[in-house]
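What follows is calculated from the coordinates using simple rules that are stated; it is not laboratory data. Since the structure is predicted, the reported quantities are computational estimates derived from the model, not experimental observations. Because the Cβ atoms are built from the backbone with ideal geometry, glycine has one as well, and the counts that use them run over all protein chains shown.
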Amino acid sequence: MSSSGSSGSSTNKASAERGRTALAVGVVEKIAGMAAREIPGIHALGSGLTRTFGAMRDKVPGGKSSMGRGIKAEVGEKQTAIDIALVVEYGVVIPELATQVRENIIAAVERMTGLEVVEVNIAVNDVHLPDEPDIEEEDETGSTGQRPKLQ
């Protein structure tokens, strides 16, 4: 009976020795971005400049939306560290929100990748007020804030 228990262990060890799994930085960034967006009170990810360029890139035909926008990750063989920039909704308690975001990112990244998350650094770059337009709304009306002329 003890030989069957050791054969299971040697099988796992043998399969681990048959190759490596490498994760691209973008994979970790997308997982972290999706995990952050799951938390209520997050308005957007990234700084104002990052969001502006991202919104422009999203409008290019064939362009893809970036789930990793506002996130930087360093990925090693066994560990990862993540930096994230947030815009929060007015009225949220920022320290509580940061804790929820950090815990959700750590859980999602560790579960999906098997990497140990050694740190998640959060920078809150802005607070979105209820009467402020979104970047996409600003792009549609033009930089002057006036409606586009009809022809």
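Quick one: which of 96-102, 73-79 comes out on top by average Cβ neighbours within 10 Å, and what's the full order, highest first?
On the way: 96-102: 17.7, 73-79: 14.1.
Put in order of decreasing packing, that is 96-102, 73-79.
Suppose R0 equals 25 Å. What FRET efficiency, 1/(1 + (r/R0)^6) with r the Cβ-Cβ distance, do ASP131 and ARG37 give to the nearest 0.05?
It comes out at approximately 0.65.
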